[in-house]
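Coordinate-derived values only; no laboratory data. On a predicted model such as this, the values are computed, not experimentally measured, just so you know. Cβ placement follows ideal geometry from the backbone for every residue including glycine, while neighbour counts extend to all protein chains displayed.
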Amino acid sequence: MNILVTGANGYIGRELVARLCTLSALPGYPDIQRITLSDLAFSQVPDDPRLHCIPGNFSEPATLAAITDPAPDLVFHLAAVASGQAELDFPLGLQINLEGALRLLERLREQGNNPTLVYTSSIAVYGAPLPPMVDDTTPLSPALSYGAHKQLVEILLADYTRRNFVQGRAIRLPGIVVRPPAPNGAWSIFSSTLIRSLAAGQPCTLPVNAQATLWLMSLHCCIDNILHAATLPAAKVSGGNAWTLPALRVSVGDIVGAFDARSAGAASPLVHYAPDPAIQAQFGNLPPLNSAAANAAGFRHDGDLNTLLDRAVLACATHSPTIAS
Ligand SMILES: NC(=O)c1ccc[n+]([C@@H]2O[C@H](COP(=O)([O-])OP(=O)(O)OC[C@H]3O[C@@H](n4cnc5c(N)ncnc54)[C@H](O)[C@@H]3O)[C@@H](O)[C@H]2O)c1
């Protein structure tokens, strides 16, 4: 089978590619013969003869044609302009996050191969302020262009799936930790900054207060869920094809407290709070989350904060250099 990964040199993309390289096949699919990697540029690529890197803007015709030749059987569409960057540069966000995704869907429709397409949506589809509890009935009301484009692609993906052009599965990711230090324009990056700093015993300044509540997932768990989305049996998808992933809901104070417990109280003095009202409202005020549909479909969170932090700290220790996206 042929796999296409867009955004393959990004934070999540690199980890997904590394995991794919350890596999000869995914459950329910034939052996993996080719993995086409699409990104603007590539830094480190694993040594695997099945990998083919195609640098360039996936939404431009020549690159789009190249990354879909041969026609993919499974697509992981991760390429995106991050939340803050898309808010600062509206045309860029529109072009890549919405128009680019539509061009990719159109190309896949024209090829007629009916691939499975896993789309990494975001909890930004909910907007802010949020109700006292978020569940599968909570209306989507994005408050950022990034979130609006994610919702629109979910709608397109559902329609292309209904028409049997692709088999779409959209998963709404919470904050995935721990992102490497290189900025990518995501306003939610402070959760990674906090964990990375405390793991290294370094000070940090946060744009939210200690009471800020977050929905978090480790990168390891995120990859498990992305692969689960790809391999879900059709019967599990029949009730809908967009899931808000289960996430651990923790406060900044919980995270600092967990590091205090690991360091005899050395963490608290390292954290300084300089709340930015816009960031606190959008990313620091997340209520309890009931992801019943995703749980029923077999998606999982990390289990508990200490497991998440163990995974995050391990990831900090093994971060490879990244390019700014
Ligand atoms: N990391 C998170 O916490 C998080 C949370 C919610 C959703 N997501 C979604 O998950 C996906 C991956 O996120 P990430 O954290 O790895 O982001 P990232 O910014 O690290 O990676 C995105 C990659 O897409 C590439 N890209 C951007 N425009 C492109 C284009 N025109 N052509 C080809 N490549 C292009 C970038 O170069 C980058 O390498 C994104 O769709 C993002 O919206 C991530």
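Our note on the geometry: Cα centres of the stretch 136-202 and the stretch 208-241, 10 Å apart. The alpha carbon centroids of the stretch 244-285 and the stretch 28-43 are separated by 36 Å.
Pairs of Cα atoms under 8 Å, at least six residues apart: use those to get the relative contact order of the stretch 149-208, whole percent. Walk me through the numbers on the way to the answer.
Details: 34 pairs, mean separation 12.2, N = 60.
The value is 20 percent.
Amide H to amide H distances under 5 Å link Leu206 with His272, Tyr273, Ala274, where only residues 5 or more positions off or on other chains count and H is placed in the peptide plane.
Helix 252-262 versus the longest principal axis of the chain: what angle, 0 to 90°, nearest 10, using Cα atoms? Once rounded, the angle reads 70 degrees. Amide hydrogen proximity for Asn285: with H placed 1.01 Å from N in the peptide plane, the residues at 5 or more positions away or on another chain lying under 5 Å are Thr213. Taking packing as the residue-averaged number of other Cβ atoms within 10 angstrom, the listed peptides 208-215, 294-301, 106-113 run from highest to lowest as 208-215, 294-301, 106-113. Note on Ala235 and Leu92: with the Förster distance fixed at 51 Å, the Cβ-Cβ geometry gives a FRET efficiency of about 0.85. Computed from phi, the 3J(HN,Hα) profile of the stretch 169-177 under the Karplus parametrisation 6.51, -1.76, 1.60 (θ = phi - 60°) reads 9, 9, 10, 8, 7, x, x, 9, 10 Hz, with x in place of Gly and Pro.
How far, in nm, would the chain grow between Asp31 and Cys53 when pulled straight, counting 0.36 nm per residue and subtracting the alpha carbon separation? Provide the component values of the computation, followed by the final result.
Values: separation 22, 0.36 × 22 = 7.92 nm, distance 1.95 nm.
So the chain would gain 6.0 nm between Asp31 and Cys53.
Relative to the longest principal axis of the Cα atoms of the chain, the long axis of helix 101-111 lies at roughly 30 degrees.
For helix 190-199, report the angle its Cα long axis makes with the longest principal axis of the Cα atoms of the chain; keep it between 0 and 90° and round to the nearest 10°. Value to nearest ten degrees: 60.
Each Lys and Arg Cβ is given +1 and each Asp and Glu Cβ -1; about its Cα centre, the chain then shows a dipole of about 260 debye.
State to the nearest 20 debye the size of the charge dipole of the stretch 106-168 about its Cα centre, where the only charges are +1 on K and R beta carbons and -1 on D and E beta carbons.
On the way: 5 positive and 6 negative charges, 35 e Å.
About 160 debye.
Neighbour counting of Cβ atoms within 10 Å sorts the residues Thr161, Thr116, fewest neighbours leading, into Thr161, Thr116. For the chain, averaging the sequence separation of C-alpha pairs within contact (under 8 Å, six or more residues apart) and dividing by the residue count gives a relative contact order of 18 percent. Once backbone amide H atoms are built at 1.01 Å from N, Ser141 has Tyr126, Gly127 as its partners under 5 Å, excluding neighbours fewer than 5 places away on the same chain. Take every DSSP beta bridge whose two residues both sit in the chain; close to 10 percent of them are antiparallel.
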